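Remarks on the structure that follows.
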């Protein structure tokens, strides 16, 4: 039953919707956590430490954080796999002789595809920058406030982050509404509300995330 559902178009869209909502919930929490940087290094560093001690003493140090990471990785992999397979299925379903008579994809579809690629690449860079410190010159483990300020004190750190957050806003704007339709929440009476909510979520997340690099660039965070 599960295998049959996964191989169906409806099943893949459902996987995309559920995994997308899981990631959206994480993004909202992550954004609010990031904004603690405006309260100074002590507050931000204490928050970063708290993330690693959630559930203690029942959970050991970082266990809860690793559970969250595993769930997120599973959601990202499921989302990306379903999106790729649906895209390939859509291309195969188009007869070659009709390709030139109609656009290959709508604006929203192209935005979602390229936005997904940009966000995937950004995720890798973001982890290497602020989690492992691999691409972060002068990275200091245990000093998240200092590492964030250092990243956004460089032009390339700001450029990469701002581009990714704009792509995130567009992705959320279309993705939330699409997920609602897939899961049966859409209707004639609710569509306007869902579109408004999608726009609001996209705007709040975009502004909330870019507030940090803007804060560093303007000196509010230093």
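Residues 29, 15: which one is surrounded by 12 or more Cβ atoms within 10 Å (Cβ to Cβ) and either at pLDDT 95 or above or in a helix (DSSP H, G or I) (or both)?
15
Scanning for something over 16 Å from the mean Cα position of the chain (by Cα) and on the phi < 0 side of the Ramachandran plot, does segment 66-81 turn up at least one residue?
yes
Quick check: is even one residue across segment 183-198 loosely packed, with under 13 Cβ neighbours inside 10 Å and modelled with pLDDT of 90 or more?
Looking for residues that are loosely packed, with under 13 Cβ neighbours inside 10 Å and modelled with pLDDT of 90 or more, one finds at least one in segment 183-198, hence yes.
In segment 39-54, what count of residues is obtained for those that are over 15 Å from residue 143 (Cα atoms) and in contact with a helix residue (DSSP H, G or I) (Cβ under 6 Å, 6 or more places away or on another chain)?
1
List pairs: first in segment 133-150 and exposed (fewer than 11 other Cβ atoms within 10 Å of the Cβ), second part of a loop (DSSP other than H, G, I, E, B), Cβ under 8 Å, 6+ apart or cross-chain?
Final answer for the pair search is 141/133.
Look at residue 155 and say whether it is crowded, with 18+ Cβ neighbours inside 10 Å and either touching a strand residue (DSSP E or B) at 6+ places or on another chain (Cβ under 6 Å) or free of Cβ contacts under 8 Å to residues at least 40 places away in the same chain (or both).
No, not satisfied.
Taking segment 71-102, which residues are modelled with pLDDT of 65 or more and exposed (fewer than 10 other Cβ atoms within 10 Å of the Cβ)? Walk me through how you get there before you give the answer.
Our first condition is that a residue be modelled with pLDDT of 65 or more; within segment 71-102, this holds for 71-94.
Across segment 71-102, the qualifying residues are 92, 93.
Going by the conditions given, is residue 44 surrounded by fewer than 16 Cβ atoms within 10 Å (Cβ to Cβ) and at pLDDT 95 or above?
Here the answer is no, as residue 44 does not meet what is asked.
Out of segment 205-219, which residues are surrounded by fewer than 20 Cβ atoms within 10 Å (Cβ to Cβ), within 30 Å of residue 185 (Cβ to Cβ) and in contact (Cβ under 8 Å) with a residue 12 or more places away in the chain?
208, 210, 211
The values are calculated or read from the model by the stated rules, or taken from the named source; none is laboratory data. These numbers come from a predicted model, not from an experiment. Glycine gets a Cβ as well: all are built from the backbone with ideal geometry, and neighbour counts include every protein chain shown.
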